[in-house]
Amino acid sequence: MGATIQLEEIKTDWTRQEIEEIYDRPVLELIFQAATIHRQYNNSRDVQVCTLLSVKTGGCPEDCAYCPQAARYHTDVEVHKLLDVETVVDAAREAKANGSTRFCMGAAWRKIKDNKDFDNVLEMVKQVSDLDLEVCCTMGMLTDNQAKRLKEAGLHAYNHNLDTSEEFYGDIITTRTYDDRLDTLENVRKAKINVCSGGIIGLGESKMDRIGMLHTLSTLPEHPESVPVNALVPVEGTPLEDQPRVSVWDMVRMIATARIIMPKTKIRLSAGRIMMNYEEQALCFLGGANSIFSGEKLLTTPNNEVVNDREMFRILDLNPQEG
Ligand code: SAM
Ligand code: DTB
Ligand code: SF4
């Protein structure tokens, strides 16, 4: 009889202590364990390539201390009202031609409102999903009815980040609460839309804040299907403009810990990749990251060159993952 690997059940009752113990392991042991678990649950050579498009840029009423799109900070971001449907669908077609299997549309809104803009967003979702792309939106808070309408239009996933721990949240954002965030995630889940929720490191948080965020994510009734791990991209004009660069080792620890506690989730090496060379990114893939954002821009900040990403995939023998 051939040996079968016994997969452990997906666990949603992690304690903070258990997560801290994992996060604190000697870094090479941590990477090795995450790499092992990754191989039990996923094809470790598959990396999903996603494209982001800011469909409505800047002028946001919220005060997220990291964000170049908050109206109250003076940044170089060019404010733009909602793009028209055709422009967005053309961009999605191009993203697909360049190898992306997921297209994420971002809007600098506090919440979705039931107006003409939302009707247009529903049409964008419908037409982009007709291209056979996974469609994701990140547009702030939403109600259960809005989630239902997005689902009917073909939305695959909704991104809504917790960003950090509940305890540190108020130091970063004062215009909404952690519970508001969790309510939206629940509305997304109820509508049977996949949940994408992660956070940012490098905001000035402590190690326990990072663990607290991973704890909240991994003890939701169901793990998010997708967890983006962002390193702060400090933007001039925001309160966090002078934050020091996040250590790659911290990024790897976050990714590897997320991989171990949420083994089936897509862990996305997201913002901050522009500051990393191939070797550093390779450590993140080894530690279980299995998705990147591709394209010259994230939402408003620069991202890695597409030709470099292609070269990196070739060198590391990674396969852009089919839809
Ligand atoms: N307004 C919506 C919201 O806040 O949910 C959607 C767009 S918002 C720009 C999406 C996410 O981008 C934020 O939750 C945050 O995690 C991330 N983000 C924004 N600015 C960033 C920065 N400077 N560095 C890293 N991540 C950033
Ligand atoms: C996420 O967690 N990271 C992506 C996506 N979700 C929207 C983008 C982060 C945006 C970084 C700052 C910018 O480009 O404006
Ligand atoms: Fe607005 Fe989202 Fe930026 Fe916060 S992160 S200021 S909600 S666009």
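The values are calculated or read from the model by the stated rules, or taken from the named source; none is laboratory data. The shown structure was predicted, so the numbers you read here are calculated from the model rather than taken from an experiment. Every residue, glycine among them, receives a Cβ derived from its backbone with ideal geometry; neighbour counts consider all protein chains shown. Calculation scope for accessible area: heavy atoms of the full protein, side chains included, ligands and nucleic acids excluded. Shrake-Rupley method; radii C 1.70, N 1.55, O 1.52, S 1.80 Å.
Which lysines have a Cα less than 21 Å from the Cα of Lys190, not counting those fewer than 8 places away in the same chain?
Those lysines meeting the cut-off are Lys11, Lys111, Lys113, Lys126, Lys148, Lys151, Lys264, Lys266.
Mind checking the dipole of the range 128-215: about its Cα centre, +1 per Lys or Arg Cβ, -1 per Asp or Glu Cβ, Debye to the nearest 20?
Numbers: 10 positive and 15 negative charges, 47 e Å.
About 220 debye.
Using the per-residue mean of other Cβ atoms lying within 10 Å as a proxy for protection, in what order, highest first, do the peptides 19-31, 258-270 fall?
Values: 19-31: 16.2, 258-270: 24.5.
With the highest mean Cβ count within 10 Å placed first, the list reads 258-270, 19-31.
State in Å² the accessible area per residue of the chain; use a 1.4 Å probe, count heavy atoms of protein chains only, and round to the nearest integer.
Details: 14780 Å² over 323 residues.
So the chain comes to 46 Å² accessible per residue, rounded to a whole number.
Work out the length of the dipole vector of the range 22-315 about its Cα centre, built from +1 on the beta-carbon of each Lys and Arg and -1 on the beta-carbon of each Asp and Glu, and round it to the nearest 20 debye.
Dipole magnitude for the range 22-315 comes out near 800 debye.
Can you give me the angle between helix 306-316 and the longest principal axis of the chain, using Cα atoms only, in degrees from 0 to 90, rounded to the nearest 10?
The helix 306-316 is inclined about 20 degrees to the chain.
Which distance in nm do the two modelled labels at Leu182 and Asp132 give, with both placed 7 Å along the Cα-to-Cβ direction?
Taking the two extended label points, one gets 4.1 nm.
Normalised by the residues of the range 22-315, what does the relative contact order come to in percent, with Cα pairs under 8 Å and at least six apart? Intermediate values should be presented prior to the final figure.
On the way: 574 pairs, mean separation 67.9, N = 294.
Once divided by the residue count of the range 22-315, the mean separation gives 23 percent.
Leaving ligands, DNA and RNA out of it, report the carbon-plus-sulfur percent of the accessible area of the chain at a 1.4 Å probe.
Carbon and sulfur together cover 50 percent of it.
³J(HN,Hα) across the range 233-244 via Karplus (A = 6.51, B = -1.76, C = 1.60, θ = phi - 60°), whole Hz, x for Gly/Pro?
So the J values, rounded to whole Hz, are 9, x, 10, 4, x, 8, x, 9, 4, 9, 4, x.
Could you please state, rounded to a whole Å, how far the C-alpha centre of the range 91-124 is from the C-alpha centre of the range 49-78?
For the range 91-124 versus the range 49-78, the Cα centre distance is 15 Å.
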